[in-house]
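Colleague: There's a structure below that I have some questions on.
The values are calculated or read from the model by the stated rules, or taken from the named source; none is laboratory data. Computed from a predicted model, the values in this text were never measured in an experiment. Don't worry about glycine lacking a Cβ; one is built from the backbone with ideal geometry, like all the others, and counts go over all protein chains shown.
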Amino acid sequence: MGKARRGNARAGSNRGAPAAGSARRTRRPAPETNHPASGSEAGFEALEAVGQVTAEVVLERGLDQVLRAIVDKAVELLKGDGGGFYLANPAERTVRCVMATGVSARVVGVVLAYGEGAAGRVAESGRPLNIEDYRTWPGRSPQFESSAPFRAVAGVPTLWQGKVTGVLHVLRTRGGKPFTQDEVELLSIFGSQAAVALENARLLEETNRRARQASILNDLTRAALAASDVQTMAQVLADGLGELVQSDGCHLVLWDESENAPIPMAASGLLRGVFAQERPPAGELTLTESALRAGRPIAVEDCRNSPYLSPAIARDCPYASLLGVPLIAGDRWLGAFLLAYRQPHQFREEEIALCEQASGQVALALGRLQAYEAERQHRDELEGLRRASLRLTSTLALRPVLEAVLEEALHLVDAHDAHLFFFDGERLSFGAALWDGLFHPTPYAEPRPDGLTMRVARSGQRLVVQDVRRDGLYAEQPWDGSIVALPIRVGGVVRGVMTMAFPTPNAVTEARLRVLELFADQAGLAAENARLFGAVDTERRRVHLLYEIGRQSAASLDAVEILRRALALATEHLGGTRGAAYLLEGGTGRLRLVALSPKPTIPIEEQDRRLGLRLGKGLTGWVAERREAALVPDILQDDRWVPSPDDLQGGSAIAVPVMSADEVLGVMVVVAATGSFAQEHLELLQAIGRQLGPALANAKRYQQVTRRLAERTALQQVAQVVNRRLEMEPLLDEIVRQVGHVLGYPVVEIFLIEGEALVLKAANGSEGIGDRRIGLGLGVIGRAVRSGQPVFVPDVANDPDYVVGVPSTRSEIAVPLYRGDIVVGVLNVESAEERGLSEEDLHLLTLLADQVSVALENAALYERLRQQTDELQATVSARTAELEQALEQARAADQLKTRFVADVSHELRTPLTNIRLYLDLLDKGRSEKFADYLETLHRETSRLIDLIEGLLTVSRLDAGTAEMVPTWIDLNSMAQGLVDDRRRLVARLDLSIDFEPQTDLPLVRADERMISQVLANLMTNAVNYTPAGGRIAVRTDTIADGEHKWARLTVADTGLGIPENELPRLFERFFRGSASRARGISGTGLGLAICKEILDRHGGRISATSRAGEGSAFTIWLPAQRVSEVAAAPPRA
């Protein structure tokens, strides 16, 4: 199906086509059933149809309903399949389809030019048109596609007073039977009558529209007059005026005469609720201003292209067309209302006239309400000023006056926040601030040197910033709203500045400025009176405070109590949140915390330990060192401040030294909220410090006198008790007890020098704790010994020499004790409190140490006399014991000699007897046995030689004549040779012998002959004491023993073993075990003794392990070669 293309497209003119009324057509007979009625019948039907249409009009149907009735009746009258109606616009020579029925194509809204298409032809000619087949008709409009289902088309004009008001169409789409001339004439008759009905309907609708507009205008006027305020009236007008002309939105704008700028008030439509927050940029042309300047309504059918709007405003406008209607009362501009349409709109003269009529009534109502509001505002201003004046004069206290000034100012002009600053001609100082319903101790922002507040203070002229976002003064800290700053004058001199901020731009009106300026004068007088009264009252309270502090200081001679009382009074008077007082300890530079206000939850001693203040450390140390007072606006921003857990919220601080003459005795510090302190507070605290100085000096002198008296008394008591003791140990115990109990020291110790160490001889308070011996080079007491001078350590945690003795110690004093000019010991005193000892304690203990040194010397003389007596007695006893021991040794030697002679006689007799026997056999025996006899003689001779050689070796070792020739020896090679020499012998005895060397055994430096003798002796013993079937093993290895490295050789056997009770005597001379006697093994008991003595001379040793019945193991230990000696060692063979 073909579709119509909408728009204002203009078709070609088709003037060459014949007019429908002049065309001659050949009538074809129609079937009877479709034969048209006769003329009279057709006229009757047409009249009946017109009557029905007229009834629709009478029933006050709308124009659309009347149009539908006309088209439906026309289609029914001609028995068509569909139809439509086009309204004519003679001014633009166009027709627009406003109604269609029975047509599938979308034709409603199609606009045709005169002469275009069937409807355009009829409208242009004013005559009927009958088209047999629209599909092939050459005059068809290109707005309808060729597939459109139109066949036969009959179109007639509707004429009113000879003018074409529209075109009526009837269509046939099925069967395609053309309309007859009679049918066209019938439709013409019907169209002429329908034109009358249509005009009546139009007139009726226009009448109803005007009545409705009059009603809306009347209701709008009454609602505007009934509104209680401009804002309410503005919203009522915005809603009603849009409905009056059926616009998509209406915006009411007031004109600010003081700023010469429009002020959006209310809106309906898209911008409802947000329009009042929008302000046009300064300097931009608005439709409101254009309409006011023109003095008439201005229609803008295309917002994007209009000389009445600046491009910036037009670009952001959400509407296509606007009508600006000015609101003017006499010569005064009140504002305008702007009617807005989202689609392009052509404003009719009657619309503009209606809006002009409405603007007159709205202007009257708006002017009346503005006058009423101005009167009410003036009345409220006077009442507010009266109430503020009463409140400002109700008190002379500065703080309540300042708070009243700001509170009343906010109430008068409905501002968001207010600040008040004092001005002394050069500087601004904070007075008070109020925002969010609360008073604040600090301003929202500090005044800048070139800021709004300072400019007003210097110029004496008010400054208004209507839009902070667009003002250069606030470029670095933009925020929405407006602000005004007014000077506060007293006697024509600027004494302060009051600033008021509003949450929205352009809020500072002339009315508000007028009220604020009137109020500022009253506020200035009230503030000045309060300031003068405050100055007098402050001086009175200052004098009273100084008097009270002086009175309480004179009532005490305790420095801590004086500071505690003064600090409490100063902190309260200065409005501080907390305060602290410190005493300076002379000599150490330490600032000791002695008082806090209010009473702390953490002990003062613990806080003092955490802070650890001294000269130059922290703000307190800075004040004490420089002897200068200090005012810190924000402690968190000051590098000198030492923070504590109470400082998380920050604050301001003032600190002053407490001095007497040129001596700093202490420091007082008071802390309050940030920005609370000024120069006058610091000066007051300085006055307090000056008053406390003499009181602390007197207390210090009193404490010194009292302490010296107590010291002298205690020294005399200690000396009397100590001098009654002469024994060293009781004397030392009595000294530490007296020093601890009488002088009150918790830990007292006396160390005496013994060799290279200090030995704890007596203690009180540290018994059983710490080392009893300390090297002379260690600890604080070691430093006292080395220097010969007393040592005072206020804080052991900061002393590099301190050695922990008593874990709880915090401070220590060590004083050397002398005997003549020689340091013999140390008197050591310790305290568990940090800074628990002082210079006074050092002086007292130094005096006490002199007396202790005298007592120790007396005790030493007594001890020396007693020791000499004891030594004489000991010498006599020792000599007696020595004689007894010599006698016993002589007896043992005699027994040993007797046994030695017996053993040697036996050992000599046996081989000699055998030699004599076998010599006789050589003379008398058989010659074939001579070889055996000679072998026996050789064996016994060798035995005799070995015996004699052993005796000679022992003799040489005892006499020291055995010469050693040390060389580098490989124990593995030596042992291997000895083992190989004995293999046949041990095999003959049914024994086995193995050698297990360590391959990387280091060389040893020794006498090769002596070491060979030791190894041979050990192997011989193993062979002698191992029964048949046994095993002998020789092993070498290395072992580290501390810093020494040893090369070892072990000879182990599985022989008889050695009883445990004989092991300790194995290496004694002439000792022979039970096994040797039981088995009848010959020997002198010298072999192992010789081995031990040889190894001792080499710096080595021999050890033995054995269990009876399981065998024995003998190990020799020789020092292994050092790394530095490897290069000097001879190469191995």
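Colleague: Assess whether GLY675 counts as being in contact (Cβ under 8 Å) with a residue 40 or more places away in the chain, out of contact with any Gly (no Cβ under 6 Å at 6 or more places or on another chain) and part of a loop (DSSP other than H, G, I, E, B).
Modeller: On the way: in contact (Cβ under 8 Å) with a residue 40 or more places away in the chain: yes; out of contact with any Gly (no Cβ under 6 Å at 6 or more places or on another chain): yes; part of a loop (DSSP other than H, G, I, E, B): yes.
Judged against the criteria, GLY675 is a match.
Colleague: Additional query: With part of a strand (DSSP E or B), modelled with pLDDT under 90, surrounded by 16 or more Cβ atoms within 10 Å (Cβ to Cβ) and touching a strand residue (DSSP E or B) at 6+ places or on another chain (Cβ under 7 Å) as the only criterion, which of VAL103, VAL98, VAL156 stands out? Outline the logic, then answer.
Modeller: Details: VAL103 fails: part of a strand (DSSP E or B); VAL156 fails: modelled with pLDDT under 90.
None of the other options fit; the residue is VAL98.
Colleague: Scan segment 558-566 and give yes if some residue there is over 30 Å from ALA697 (Cα atoms), surrounded by fewer than 18 Cβ atoms within 10 Å (Cβ to Cβ) and of a type in the set (Asp, Glu), otherwise no.
Modeller: Of all residues in segment 558-566, those over 30 Å from ALA697 (Cα atoms) come to none.
No, every residue in segment 558-566 fails to be over 30 Å from ALA697 (Cα atoms), surrounded by fewer than 18 Cβ atoms within 10 Å (Cβ to Cβ) and of a type in the set (Asp, Glu).
Colleague: Turning to a different aspect of this structure: Kindly list the number of the only condition in (1) farther than 17 Å from SER188 by Cα; (2) assigned to a helix (DSSP H, G or I) that fails for PRO138.
Modeller: (2)
Conditions (1) out of contact with any Phe, Trp or Tyr (no Cβ under 9 Å at 6 or more places or on another chain); (2) at pLDDT 80 or above; (3) charged (D, E, K, R); (4) not assigned by TED's automatic domain parsing to the domain that holds THR509, marked per residue:
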{"residue": "GLU403", "(1), (2), (3), (4)": "no, no, yes, no"}
{"residue": "HIS411", "(1), (2), (3), (4)": "yes, no, no, no"}
{"residue": "HIS419", "(1), (2), (3), (4)": "no, yes, no, no"}
{"residue": "PHE422", "(1), (2), (3), (4)": "no, yes, no, no"}
{"residue": "ALA432", "(1), (2), (3), (4)": "no, yes, no, no"}
{"residue": "LEU438", "(1), (2), (3), (4)": "yes, yes, no, no"}
{"residue": "GLN461", "(1), (2), (3), (4)": "yes, yes, no, no"}
{"residue": "VAL468", "(1), (2), (3), (4)": "no, yes, no, no"}
{"residue": "GLY472", "(1), (2), (3), (4)": "yes, no, no, no"}
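Colleague: Could you grab me the full set of residues in segment 759-801 that are within 16 Å of GLU833 (Cα to Cα), surrounded by 15 or more Cβ atoms within 10 Å (Cβ to Cβ) and within 45 Å of the chain's Cα centre (by Cα)? Even if it seems obvious, please write down each step before you answer.
Modeller: Here is the first cut: in segment 759-801, the ones within 16 Å of GLU833 (Cα to Cα) are 765-766, 792-799.
From the residues that got through so far, the ones that are surrounded by 15 or more Cβ atoms within 10 Å (Cβ to Cβ) too are 765-766, 792-796, 799.
Result: PHE792, VAL793, PRO794, ASP795, VAL796, ASP799.
Colleague: Quick one: which residue in ALA714, ALA699 is under 53 Å from the mean Cα position of the chain (by Cα) and surrounded by 14 or more Cβ atoms within 10 Å (Cβ to Cβ)? Spell out how you get there, then give the answer.
Modeller: Values: ALA714 fails: under 53 Å from the mean Cα position of the chain (by Cα).
The unique qualifying residue is ALA699.
Colleague: Residues that are in the same structural domain as GLY335 (by TED's automatic domain parsing) and of a type in the set (Asp, Glu): which strands (runs of 3 or more DSSP E) entirely in segment 228-301 hold 1 or more of them?
Modeller: Values: elements: 249-256, 261-268, 298-300.
In segment 228-301, the matching strands (runs of 3 or more DSSP E) lie at 249-256.
Colleague: Within segment 854-867, can one find any residue that is among the aliphatic types (A, V, I, L, M), under 30 Å from LEU591 (Cβ atoms) and in contact (Cβ under 8 Å) with a residue 40 or more places away in the chain? Steps first, please.
Modeller: Applying the first criterion (among the aliphatic types (A, V, I, L, M)) to segment 854-867 yields 854-856, 859-861, 865.
Filter once more, so that each one left must be under 30 Å from LEU591 (Cβ atoms): none.
No - not one qualifying residue is present in segment 854-867.
Colleague: Scan (1) buried (at least 19 other Cβ atoms within 10 Å of the Cβ); (2) in a helix (DSSP H, G or I) for the single condition LEU817 breaks and write down its number.
Modeller: If we test LEU817 against (1) buried (at least 19 other Cβ atoms within 10 Å of the Cβ); (2) in a helix (DSSP H, G or I), just (2) comes out false.
Colleague: Being under 13 Å from GLY496 (Cβ atoms) and not in a strand (DSSP E or B) narrows it down to one residue among ARG458, ARG469, ARG448; which is it?
Modeller: Numbers: ARG469 fails: under 13 Å from GLY496 (Cβ atoms); ARG448 fails: under 13 Å from GLY496 (Cβ atoms).
So the residue among ARG458, ARG469, ARG448 that is under 13 Å from GLY496 (Cβ atoms) and not in a strand (DSSP E or B) is ARG458.
Colleague: Ok, one more. Taking the stated definitions as given, is SER652 free of Cβ contacts under 8 Å to residues at least 60 places away in the same chain and touching a Leu at 6+ places or on another chain (Cβ under 7 Å)? Give the steps one after another, and end with the answer.
Modeller: Numbers: free of Cβ contacts under 8 Å to residues at least 60 places away in the same chain: yes; touching a Leu at 6+ places or on another chain (Cβ under 7 Å): no.
Against the criterion (free of Cβ contacts under 8 Å to residues at least 60 places away in the same chain and touching a Leu at 6+ places or on another chain (Cβ under 7 Å)), SER652 does not qualify.
Colleague: Sort out for me the strands (runs of 3 or more DSSP E) sitting completely within segment 403-443 that have 1 or more residues that are under 16 Å from VAL484 (Cα atoms) and without any contact (Cβ under 8 Å) to a residue 40 or more places away in the chain. If you could, list the steps in order and put the result at the bottom.
Modeller: Numbers: elements: 417-423, 428-435, 438-440.
Result: 428-435.
Colleague: Quick one: in segment 240-271, of everything that is of a type in the set (D, E, K, R) and modelled with pLDDT of 80 or more, which residue is nearest to ALA336 (Cα to Cα)? Talk me through it step by step, then tell me what you get.
Modeller: So the first thing to find is which residues in segment 240-271 are of a type in the set (D, E, K, R), and the list is 243, 248, 256-257, 259.
With modelled with pLDDT of 80 or more added as a condition, the list becomes 248, 256.
On the way: ASP248: 17, ASP256: 12 Å.
It comes out as ASP256.
Colleague: Could you tell me whether ILE993 is closer than 22 Å to ILE948 by Cβ and surrounded by 17 or more Cβ atoms within 10 Å (Cβ to Cβ)? Walk me through it before giving the result.
Modeller: Numbers: closer than 22 Å to ILE948 by Cβ: no; surrounded by 17 or more Cβ atoms within 10 Å (Cβ to Cβ): yes.
Considered against the rule, which asks whether it is closer than 22 Å to ILE948 by Cβ and surrounded by 17 or more Cβ atoms within 10 Å (Cβ to Cβ), ILE993 comes out as no.
Colleague: So in segment 496-515, with the set limited to residues that are of a type in the set (Gly, Ala, Ser) and within 16 Å of ILE263 (Cβ to Cβ), which one is surrounded by the fewest Cβ atoms within 10 Å (Cβ to Cβ)?
Modeller: Quick first cut of segment 496-515, residues of a type in the set (Gly, Ala, Ser) only: 496, 501, 507, 511.
With the extra rule that they be within 16 Å of ILE263 (Cβ to Cβ), the set shrinks to 507, 511.
Numbers: ALA507: 20, ALA511: 15.
Checking each candidate, the answer is ALA511.
Colleague: Are any of the residues in segment 1008-1019 in contact with a Cys (Cβ under 6 Å, 6 or more places away or on another chain), crowded, with 19+ Cβ neighbours inside 10 Å and in the same structural domain as THR1115 (by TED's automatic domain parsing)? Steps first, please.
Modeller: Pass one, segment 1008-1019, residues in contact with a Cys (Cβ under 6 Å, 6 or more places away or on another chain): 1014, 1017.
Retained after the next criterion (residues that are crowded, with 19+ Cβ neighbours inside 10 Å): 1014, 1017.
Cutting the leftovers down to in the same structural domain as THR1115 (by TED's automatic domain parsing) gives us 1014, 1017.
The answer is yes; a qualifying residue exists.
Colleague: Is there a residue being surrounded by 15 or more Cβ atoms within 10 Å (Cβ to Cβ), small (Gly, Ala, Ser), in contact with a Lys or Arg (Cβ under 9 Å, 6 or more places away or on another chain) and at pLDDT below 90 anywhere in segment 626-633?
Modeller: No, segment 626-633 has no match at all.
Colleague: What is the number of the single condition among (1) modelled with pLDDT of 85 or more; (2) closer than 29 Å to ALA672 by Cα that ARG448 does not meet?
Modeller: So the condition that ARG448 fails would be (1).
Colleague: Tell me the residue from GLU888, GLU863, GLU884, GLU857 that is at pLDDT 80 or above, acidic (Asp, Glu) and in a helix (DSSP H, G or I), please.
Modeller: Working: GLU888 fails: at pLDDT 80 or above; GLU863 fails: at pLDDT 80 or above; GLU857 fails: at pLDDT 80 or above.
Of GLU888, GLU863, GLU884, GLU857, the one residue that is at pLDDT 80 or above, acidic (Asp, Glu) and in a helix (DSSP H, G or I) is GLU884.
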